[in-house]
Amino acid sequence: MQSEARQDPQGYDFRRCKLCGQQAAEPFCRLTGGTLQVCRHCDFHFLDHLDPLPSGNEEQPRELDEKSWKYISERLGTGEGELPWRLRLVEKYCRLPGAQCLDIGAGVGQFLLLLRAAKANGTGIEPSRLRRLFARREFDLHLEEQTIEAPQWREKYSEYFDVITLWDVIEHVNFPAETLSCAFQLLKPGGALLIDTPSRTVLPYRLSLVAARLSGGRVPLFLSSYYSALPYGHKQIFTPRQLTRLVAQAGFQILTQGAGYDELLGLRPPLLRPRSKIILVARKPVAG
Ligand SMILES: [Zn+2]
């Protein structure tokens with residue numbers, strides 16, 4: 001593809017790599033939601049799209065209409081099977097009763113319900129108003145609207161949390177390094193960070209890259225299904241090594257990383273189960 005100086009309305013120059021910060025990202029191929037940028041320096045892959053910053057003037061629905069309620073209800077089961085494994089992983093690294101936990105990208109609050117059942121104090125951030133309304137109506141849960149980058153979090157909750165979880169979230173945020181740096185500030189020294197995100201090393205993605213390269217970007221196969229310019233869509237997909245590097249750069253000490261909960265929890269992996277994730281646990285070091 002021809003190099004072009006694409007700029008986001010927020011002023012971000014997509015030639016700048018969101019992982020290594022070098023002016024080395026180039027358009028690789030055109031996808032449904034935008035152009036996939038690939039960094040020549042660190043091979044990071046990201047879409048040339050950012051979610052607009054909340055201005056406070058958005059026309060957001062005040063009430064949860066029946067159509068939206070039905071839409072969210074029907075999708076509640078998706079990914080729900082992992083919630084108990086996620087809780088077990090958190091329990092492995094933190095004593096939950098009385099712990100302060102922050103779930104970033106809480107959805108409709110299902111993980112918070114599990115945390116509460118384990119006698120932890122759960123706080124959830126969810127930028128989607130419909131999901132917040134759903135959480136209130138269905139589970140009587142209050143979720144925070146302001147994302148982790150908002151100054152109020154640093155002002156009121158610096159070194160406050162014992163655990164911060166990002167379940168299927170880091171691939172959605174505008175700037176992953178900034179999100180991790182904010183999480184670092186809000187964790188107590190010794191606090192745990194848990195991340196779960198799709199991996200780029202899976203076969204369909206690798207095949208798609210080969211097809212896109214061989215066709216000069218004309219045949220991206222399944223690549224469009226990995227990225228989306230819809231609000232809160234996937235903006236970047238990591239390799240395990242890239243995510244580890246970013247988390248370490250934010251100041252964390254990596255405790256463990258794997259491709260499935262069975263592996264990290266020491267369970268016998270079921271046969272032929274696809275291992276398509278990066279699951280990572282890190283700790284904020286205790287100073288001195
Ligand atoms: Zn880079």
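Enumerate the residues in the stretch 17-56 having an amide nitrogen under 17 Å from the point lying 7 Å beyond the Cα of Glu149 toward its Cβ.
17-22, 46-56
Taking 0.36 nm per residue of separation and subtracting the Cα-Cα distance, what length does fully extending Thr32 through Leu53 add? Mind showing how you got there, number by number?
Working: separation 21, 0.36 × 21 = 7.56 nm, distance 2.21 nm.
Roughly 5.3 nm would be gained on extension.
Is any residue of the stretch 99-124 close enough, with backbone N under 15 Å, to a label point placed 7 angstrom from the Cα of Leu265 along the Cα-Cβ axis, and if so, which?
111, 114-115, 118
For the stretch 165-257, compute Rg over Rh where Rg is the Cα radius of gyration and Rh is the Kirkwood radius from the inverse mean 1/r over Cα pairs.
Working: Rg = 15.2 Å, Rh = 14.6 Å.
Result: Rg/Rh = 1.04.
Per-residue ellipticity at 222 nm for the chain, helices alone: DSSP H runs ≥ 4 residues times -39500 (n - 2.57), over residue total, nearest 500 deg cm²/dmol? Working shown, then result.
Values: 9 runs with 84 residues, N = 288.
Using -39500 (n - 2.57) per qualifying helix, the result is -8500 deg cm²/dmol.
Once label points are set 7 Å from the Cα along Cα→Cβ at both Glu63 and Thr256, what is their separation, rounded to one decimal in nm?
Reported label-point gap for Glu63 and Thr256 is 4.8 nm.
When every alpha-carbon pair in the stretch 90-134 is counted, what percent end up more than 15 Å apart? Present the calculation step by step, with values, prior to reporting the outcome.
Numbers: 393 of 990 pairs.
Value for the stretch 90-134: 40 percent of Cα pairs lie more than 15 Å apart.
Rounded, prolate or oblate, given the Cα gyration tensor of the stretch 225-287, with a/c below 1.5 counting as rounded? All intermediate terms of the calculation are to be shown ahead of the outcome.
On the way: a/c = 2.63, a/b = 1.03, b/c = 2.56.
Because a/c hits 1.5 or more and a/b fails to exceed b/c, the stretch 225-287 counts as oblate.
Only Cα pairs within less than 10 Å get springs; with that Gaussian network setup on the chain, which residue of Gly266, Gly21, Gly33 has the largest fluctuation?
Residue with maximal mean-square fluctuation among Gly266, Gly21, Gly33: Gly266.
For the chain, what size does the Cα cloud have along each of its three principal axes, sorted from largest down, in whole Å?
55, 44, 43 Å, listed from the longest principal axis down.
For the stretch 202-241, take the convex hull of the Cα atoms, compute a quarter of its surface area, and give me that in nm², please. Mind showing how you got there, number by number?
Working: hull surface 13.2 nm².
Computed as one quarter of the Cα hull surface, the answer is 3.3 nm².
May I ask you to derive the FRET efficiency for Ser215 and Ser158 from their Cβ-Cβ distance with R0 = 41 Å, giving the value to the nearest 0.05?
Values: r = 50 Å, r/R0 = 1.21.
For R0 = 41 Å, the calculated efficiency reads 0.25.
Might you list the cysteines of the chain that have no disulfide-compatible partner by the rule of another cysteine's Cβ under 4.7 Å?
Cys29, Cys94, Cys101, Cys182
Considering the Cα positions of the stretch 64-174, please state its Rg to one decimal place and its Dmax as a whole number of Å.
Answer for the stretch 64-174, Rg first and Dmax second: 13.9, 40 Å.
None of the figures in this text is laboratory data; all of them are computed from the coordinates on show. Please read all numbers here as calculations on a predicted model, not as lab measurements. With ideal geometry, Cβ positions are generated from the backbone for all residues, glycine too; neighbour counts draw on all protein chains shown.
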